[in-house]
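Only the coordinates and a few stated rules stand behind these numbers; no lab work does. Since this is a predicted model, take the numbers as computed values, not measurements. Ideal geometry is used to build each Cβ from the backbone, glycine not excepted, and the neighbour counts take in all protein chains shown.
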Amino acid sequence: MIQLIRTYLKGDLVIWVLTLILLGFSLVSVYSFVPILVKMDGGTPIKYLFKHFIYILIAIFAMYWIHRRDPKYLSKYSKIIFYLGVSLLVFTLFFGEKTNEAGRWIKIPFVGLTFQSSDFAKLALIIYLARLLSKKKEVLKSWKEGFLPIMAPIVIICGLIVKDNFSTAAILFMICFVLLFLGRVPIGKMLTTVVAGVGLFALVVGAHLALPEMKILPRWQTWVNRFTNQYKNSADIDVAGNLQASNSKLAIYNGGLTGQGVGDGKLKEFIPEAYADFFFASYVEEFGLISAIFLVLVYLIILYRIMRIALKADNLFETYLCLGIGILLLSQAAVNMMVCTGIFPVTGQNMPFLAMGGSAMIMACISIGIVQSVAAKQENGKEGETENVFE
């Protein structure tokens, strides 16, 4: 059986097994966690399960296809991928489907599915940033030739995302700065950029407050409410306006050590995003603290295996690319857990490979496919070395 898997799936076997297990388990969890969606939007759990299953098939096909490609093509076409990400964000800015004043989705004609452009743009930025860091490693101390050309794509992508999704833009910005640090970009230049960015954001906020009718930041009040609710006394919090955060902590408490059992969670029916942004809370309620610890270990193992692949890569592009993908996936999982446990203000980050959300799942699987393409290249190199020894 293992030999059969190895025939078709190249790369790191542990990552393959864990990713496929998570995807399979997501069918169970999504079916169990969608009652609130059925109440709000109608339909049946089977309807949402089928839609999720279609996304999984697309994600697995995309992951398989890209892991058979040479990663050098990602480097070669990284600029085109970046421009495509920018184009999708600009299109979404003007023509995107809006929910709660946030235009984040592109509706795919004829099939009734939606795609969140920022999910593609995040990966596109990491690919392009890995290319720039490897290409400009000798001129990073220069503002004109090194640092500014690297910062420009980060500012463009994050700037286009921030209007409708501040948390995603902020997390992506921090991930990029971690990559810059690993790429040995001078810390002084990075700190200068942070100060300038904070100042620019303050000006935008000031303009929004001075001219509220222009709605420069349409979700400003939502951001403020989420932040202030995080630090208010429980007696001062608007329970109705903070329903998800309040019920998510109750759901985790209700889960105990072993959970209520599959389908037996009660509070998941009162968490509007139980199947996505508050997935971890619903998961703990039904599967318990022990299973939650196991889930954390699974993500950490995936990160560890990705880091091993990154450090074994034979060029800097592949190293930075794998590190960026690993940090991106783990940060999404960590933020989802911290939001559900009340450590972090409410944000829109779902659980990679598990939560319901087509574009996020597809791009997470494509990310794993990219890592596996690098791992497969390393395997082929080892096989070539072995053949040379016996020639």
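Taking 7 Å along the Cα-to-C-beta vector as the label spot, tell me the MET190-MET214 distance in nanometres, rounded to one decimal.
Each label point is offset 7 Å from its Cα along the Cβ direction, giving 3.4 nm.
Can you give the FRET efficiency to the nearest 0.05 for THR341 and LEU203, using r as the Cβ-Cβ distance and R₀ = 30 Å? The partial results should precede the final answer.
Working: r = 34 Å, r/R0 = 1.14.
Between THR341 and LEU203 the formula returns 0.30.
Shape verdict for region 279-342, please, from the Cα gyration tensor: rounded (a/c under 1.5), prolate (a/b greater than b/c) or oblate.
Details: a/c = 5.05, a/b = 2.43, b/c = 2.08.
Here region 279-342 falls in the prolate category.
Identify, among GLY159, SER246, ILE15, the residue whose Cα sits farthest towards the positive end of the charge dipole of region 2-390, taking +1 on the Cβ of Lys and Arg and -1 on the Cβ of Asp and Glu, with the dipole about the Cα centre.
Of the options given, the answer is GLY159.
If each residue's Cβ is checked for other Cβ atoms within 10 Å, how do VAL178, VAL185, VAL284 rank with the fewest at the top?
The most exposed by this proxy come first: VAL178, VAL185, VAL284.
Within the set of other residues whose C-beta is less than 12 Å from the C-beta of LEU328, count the net charge using Lys and Arg as +1 and Asp and Glu as -1.
Numbers: positive: LYS122; negative: ASP119.
Around LEU328, the surrounding residues sum to 0.
Simple spin-label model, 7 Å along Cα-to-Cβ: LEU311 to LYS76 in nm?
Roughly 3.1 nm, to one decimal.
Between region 197-218 and region 7-62, what is the C-alpha centre distance in whole Å?
39 Å
Over region 292-389, what is the relative contact order in whole percent, taking alpha-carbon pairs under 8 Å and six or more residues apart? Write down the numbers at each step before the final one.
On the way: 65 pairs, mean separation 23.3, N = 98.
Reported as a whole number, the value is 24 percent.
Please compute the contact order of region 2-390 in relative form: average sequence separation of alpha-carbon pairs under 8 Å and at least six residues apart, divided by the residue count, as a percent.
On the way: 521 pairs, mean separation 103.5, N = 389.
Normalised by residue count, the contact order of region 2-390 is 27 percent.
Of LYS10/LYS122; LYS51/LYS249; LYS51/LYS268; LYS10/LYS76; LYS39/LYS266, which sit over 18 Å apart, Cα to Cα? Mind dumping the intermediate values first?
On the way: LYS10/LYS122 25 Å; LYS51/LYS249 29 Å; LYS51/LYS268 20 Å; LYS10/LYS76 22 Å; LYS39/LYS266 14 Å.
Result: LYS10/LYS122; LYS51/LYS249; LYS51/LYS268; LYS10/LYS76 exceed 18 Å.
Where does each of ASP41, ASP119 land when they are ranked from fewest to most other beta-carbon atoms within 10 angstrom?
Details: ASP41 10, ASP119 22.
In increasing order of surrounding Cβ atoms, one gets ASP41, ASP119.
Apply 1/(1 + (r/R0)^6) to the Cβ-Cβ distance of TYR253 and SER142, taking R0 = 56 Å, and write down the FRET efficiency to the nearest 0.05.
On the way: r = 54 Å, r/R0 = 0.97.
It comes out at approximately 0.55.
With each pseudo-label sitting 7 Å past Cα toward Cβ, what's the THR44-TYR64 distance in nm, one decimal?
Each label point is offset 7 Å from its Cα along the Cβ direction, giving 2.9 nm.
Given axes a ≥ b ≥ c from the Cα gyration tensor, I'd like to know whether region 2-390 is rounded (a/c under 1.5), prolate (a/b larger than b/c) or oblate.
Working: a/c = 1.73, a/b = 1.14, b/c = 1.53.
Here region 2-390 falls in the oblate category.
Tell me, what HN-Hα J-couplings in whole Hz come from the Karplus equation 6.51 cos²θ - 1.76 cosθ + 1.60 at θ = phi - 60° for each residue of region 139-156, using x for Gly and Pro?
Coupling constants for region 139-156: 10, 5, 6, 8, 5, 6, 8, x, 6, 4, x, 7, 6, 4, x, 4, 5, 5 Hz.
Take the alpha carbon atoms of region 136-177, find their radius of gyration, then divide it by 2.2 N^0.38 Å using N residues; give the quotient.
Details: Rg = 11.9 Å, N = 42, 2.2 N^0.38 = 9.1 Å.
Compared with the compact-globule rule of thumb, region 136-177 sits at 1.31.
Please report, in whole Å³, the volume per residue of the convex hull around the C-alpha atoms of region 14-98.
Spelled out: Cα convex hull of region 14-98, divided by residues, is 122 Å³.
Can you put SER282, SER118 in order of Cβ neighbours within 10 angstrom, beginning with the fewest?
On the way: SER282 32, SER118 26.
Final ranking by Cβ density, sparse to dense: SER118, SER282.
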